[in-house]
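The values are calculated or read from the model by the stated rules, or taken from the named source; none is laboratory data. Remember, predicted model here, so these are calculated numbers, not experimental data. Here the Cβ positions follow ideal geometry from the backbone for every residue, glycine too, while neighbour counts run over all protein chains shown. Surface areas here come from the heavy atoms of the whole protein model, side chains and all, with no ligands, DNA or RNA. Shrake-Rupley method; radii C 1.70, N 1.55, O 1.52, S 1.80 Å.
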Amino acid sequence: VKPMTPRCTVPKAVPVGKSASLHCHENEGFPKSTYSWYRNSEPLSPDSKSNARAHNSSYTLNPATGTLVFHAVHKGDTGRYSCIATNDAGFAKCEEQEMEV
């Protein structure tokens, strides 16, 4: 069963240096969906250390739960975030949401 459009929760504004949690979830898809996050249409690597563009970011992305946690945001984390839920039957994307740091 193809995933439904996931529900995305993105904080509107986060003070520099604070942590931020972004959530993405849908429960129609079978088999269970895995989640990937995008900032300004660029995919966020599941491992922030391996992503050259995110070398200043410290975040944890859990593809199984769809949770993206920034440990200490900085100005460069500002942007439009969206999430895609994917399984064997297809994928679905939530609306982009702005997060300002």
Name every residue in segment 29-42 that is hydroxyl-bearing (Ser, Thr, Tyr) and surrounded by 14 or more Cβ atoms within 10 Å (Cβ to Cβ), in order of residue number. Ser33, Thr34, Tyr35, Ser36, Tyr38
Out of everything in segment 14-28 that is of a type in the set (Gly, Ala, Ser) and open to solvent by 10 Å² or more (accessible area, probe 1.4 Å), what residue ends up being farthest from Glu96 (Cα to Cα)? Gly17
